[in-house]
Amino acid sequence: MKILQLIPQLEVGGVETGTLDVAQGFIERGHTALVISNGGVLVKRLEQMGGRHIRLPIHRKDPWTLWKMVQKVSEIIEREQVDIIHARSRVPAIVGYWAWRRVARKTPLMQGRERWPTFVTTCHGFYRPHWFSFPASWGRCVIAATDAMARHLIDSFGVTPEQLRLIPRGVNLSQYAFRNIQNDPPRSALTIGVIGRLTPIKGHVVLLRAMAAVVKRVPRVLLLVIGDAPPEKKAYEQELKRWVGQLGLEKQVSFIGRREDIPQVLATLDLLVMPSTYDEGFGRVLIEAGACGVPVIASRIGGTVDVVEDQKTGLLVPPSDPAALSAAVVRLLKDRPAAARMAQEFRRKIEAEFTHARMIERTFRAYEEAAATLRILVMKLGAVGDVALITPSLRALRQRFPKAHLSVVVGRESRELLQRCPYIDSLIVFDRRRDGNFPGLWRLGSSLRKSQVDIVVDFQNNRISHWLGAFSGAPVRIGYDGRRWSRCLTHRVQNPPQPVPAVDHQFHLLKTLGIQNPDRRLELWPSQADHQCVEQVLIEAWVPPKAVLVGMHVGGSQRWQSKRWPAEYYAELIDRLASKKHVRVVLTGAKPDLPLAQQVLKLTRAKPVMAVGRTSLMELAALIGRCNAFLVPDTAPLHMAAALSVPTVALFGSTDPARHAPPSERLTVLKKNLPCSPCYRSSCYRLGKNHMECMRALTVDEVYSALCASFS
């Protein structure tokens, strides 16, 4: 595995040290560790441990530099074949995220690579929910070092619990020798340390004001201010020195600058103080001090409350409160046995929770989990029949990507078809009344963004599905070119030169993902309860278990009147089957088909089983599966019958069976090739909507012969 970490600079600090710790841990496991930063004093240490550093100004915030860095980092990701991109700050997160998207769009999955690099982030600070900060929460997994940070990410940035990984920082205990301060020989002065960059949020002024009170009660005390000011904060360092002069602490305070040998520095301290005035993400120096046996005092703020247990492993004081801080310092300097007990307890906690090995193991597991799951989203918002036709594509996607998380967006009326589909992991319902407008699409797209979709396969190919795919934020969106909003797609596929059946039309799209010659068979999955409901309907109609049963779907789409066979034809066919073949007929359809079904009942002498409007979608599937043969126009139950391998006679009029007939070896298609067909009109423009010449041309005689041949 190749891990690329992005960080502004590799200067001395807790975040930077953690970056090196992760690099070292993965190098020791035999992986490759790369770091991109603007450089710093820790680069040499990274290279000594076997890591590689690439210097780029990914700390700069101006738009032109950001764009150039996205290009350069994406080139590095491709050239080095990076597996994990781990961003550790806000600007690197912006660069890393868009570089990852560029690489994802260019990755040819069909050429053998099962997945592209995975983008991971760690949030080290309590960022405000500003647009500039949000990319730090866009990782496939988002790492937080403390519970407080995790809660902040959920509440302020909308990070989902599935994204979050709680991984406290750790220290290599072999580098931090523990000393029991009770065994220390007498000292001429007790030494307090504060370690960190010289910035206002670190609370140095608060500590200096507290020291003015401390030296009155503990005269022999020395404060070491360890760390330097960043270039933009040099004036703050001079301000601190002025505070030292004003408070009369020249003999008690020493500024010793930046130090890289922190374990050795800690070994000289009697107390470590972290007086931060702004929420700390973790406070690595606390566990470093605890590993050495140095008692600690910290502000009760941010993630420190998850690191230090007040009165047990150290003391917590209110932030920006010099009086409380001075009292705590005096207490631990005077009561050395109590300070020693806290230090020993803190060391035990560090051994259990904050070790380097534990951090690396959890990080490695987070990387593996994030990289293992490719998230694929299939769009099919159309009618029931269209959804039934995508089952071969779902099966092919599952076979091609067996470990992927496969989701499907379907219309509300079609959701029942896929509720028990074994090839998908989740079903997302699109309600046109709720989600069909722009705000609804944005809400649904936001939900999809949180699920971290990698690939959208758009089988719907209309404006709504293209918009929804774009709103999902998926880096790869595959669909057919040609329509205005197909520009929302990242991979636009040209339609086949000649019209092809719907399933083959989908497979042509799936070639983009390396899927070749898949199985065209349709499938449905009615439940045991669905079968039991159907049996109850047939028992009530006095249909013997072994009776020959022929289903007739008398309805269809209310809009497509041109697909309907005349009621008198159905009636004549039912009577003929009953008298000559002793066949029971069951009429199927939805509630809107009841008027047509009632008309058929009035015209027939042999009373068929009336199931119109009495079944749910999957109960209808179970009923079709019970039939010996099925008669249906070009509508959804035609595809359901094909999925259930029921002998079927399909009546086509205004539409073309070459495009719409489902794949089935047990399908008989009846159609008259009139000069006007296929017209794809909802009503007959030649003779009026109640006089469908193409459907009336399909005689009872030929339909009767086709049905008898199918079940004999």
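For Lys546, the aspartates and glutamates whose Cα comes closer than 13 Å to its Cα, not counting residues fewer than 8 places off in the same chain, are Glu535.
Report the relative contact order of region 175-354, percent, no decimals, based on alpha-carbon pairs under 8 angstrom and at least 6 residues apart.
Numbers: 331 pairs, mean separation 47.3, N = 180.
About 26 percent, as a whole number.
To the nearest ten degrees, helix 617-626 and the longest principal axis of the Cα atoms of the chain are 50 degrees apart. Each Lys and Arg adds +1 at its Cβ and each Asp and Glu adds -1 at its Cβ; summed about the Cα centre, the chain shows a dipole of about 1060 debye. For the chain, relative contact order (Cα pairs under 8 Å, six or more residues apart, normalised by length) works out to 8 percent. On C-alpha positions alone, give me the angle between the axis of helix 322-334 and the longest principal axis of the chain, in degrees, nearest 10. Between the helix axis and the principal axis of the chain, the angle is about 70 degrees. For Asn495, nonlocal amide neighbours, meaning residues 5 or more places apart or on other chains whose placed amide H falls under 5 Å from its own, are Asp481.
When the helix-only estimate is applied to the chain (DSSP H runs of n ≥ 4, each -39,500 (n - 2.57), divided by the residue count), what is the mean residue ellipticity at 222 nm, nearest 500 deg cm²/dmol? Walk me through the intermediate numbers first.
Values: 27 runs with 287 residues, N = 712.
Counting only the DSSP helices, I get -12000 deg cm²/dmol.
For region 2-166, the Stokes-Einstein estimate of translational diffusion at 20 °C and a viscosity of 1.002 mPa s comes to 134 µm²/s, using the Kirkwood hydrodynamic radius over alpha-carbon pairs.
Need the list of lysines near Lys312 for cross-linking: C-alpha distance under 18 angstrom, and skip anything on the same chain fewer than eight residues off. Counting by Cα, and skipping residues close in sequence, Lys312 has these lysines nearby: Lys334, Lys349. The tail of the calculated P(r) for region 528-711, taken as Cα-Cα distances beyond 23 Å, holds 36 percent of the pairs.
Rounded to a whole number, what is D in µm²/s for region 373-513 from Stokes-Einstein with the Kirkwood radius over alpha-carbon pairs (4 °C, 1.567 mPa s)?
Values: Rh = 14.9 Å.
Result for D is 87 µm²/s.
The phi torsions of region 542-551, fed into the Karplus equation with coefficients 6.51, -1.76 and 1.60 and a -60° offset, translate into couplings of 6, 9, x, x, 9, 5, 6, 10, 10, x Hz, rounded to whole numbers, with Gly and Pro shown as x.
Zone of Gln48 (label point 7 Å along Cα→Cβ, backbone N under 12 Å): which residues in region 250-264? The answer is 260-262, whose backbone nitrogens lie closer than 12 Å to the label point. Working ranking of peptides 245-254, 76-85, 471-480 by packing, defined as the average number of other Cβ atoms within 10 Å per residue, highest first, is 471-480, 76-85, 245-254.
Grouping the Cα pair distances of the chain into 10 Å bins from zero gives a pair-distance distribution of 3, 13, 19, 16, 12, 10, 9, 8, 6, 3, 1, 0 percent in increasing distance order.
Show me 626-638, 180-192, 604-616 ranked by packing, highest mean number of other Cβ atoms within 10 Å first.
Numbers: 626-638: 25.2, 180-192: 12.8, 604-616: 17.6.
Descending packing order for the listed peptides: 626-638, 604-616, 180-192.
Positive-end ranking of Val205, Ala229, Gly314 along the dipole of region 175-354, with charges on Cβ about the Cα centre, is headed by Val205.
Tell me which of Val548, Thr648, Pro497 sits at the most positive position along the dipole axis of the chain, charges placed on C-beta atoms (Lys, Arg +1; Asp, Glu -1). Positive-end residue among those listed: Pro497. Compared with the dominant principal axis of the Cα atoms in the chain, helix 594-603 is inclined by about 20°. Each peptide in 592-598, 370-376, 155-161 was scored by the mean count of other Cβ atoms within 10 Å over its residues; highest first, the order is 370-376, 592-598, 155-161. Excluding same-chain neighbours fewer than eight residues apart, the lysines reachable from Lys241 by a Cα-Cα span under 16 Å are Lys202, Lys233, Lys251.
Among residues other than Glu665 whose Cβ falls under 11 Å from its Cβ, what is the net charge (Lys/Arg +1, Asp/Glu -1)? Don't jump to the answer; show the numbers that get you there.
Details: positive: Arg520, Arg521, Arg666; negative: none.
Charge balance near Glu665 sits at +3.
Bear in mind that the values in this text are calculations on the coordinates, not laboratory data. For clarity, every value in this text was computed on a predicted model and none was experimentally measured. Quick reminder, even Gly has a Cβ in these numbers, built from the backbone with ideal geometry, and neighbours come from all protein chains shown.
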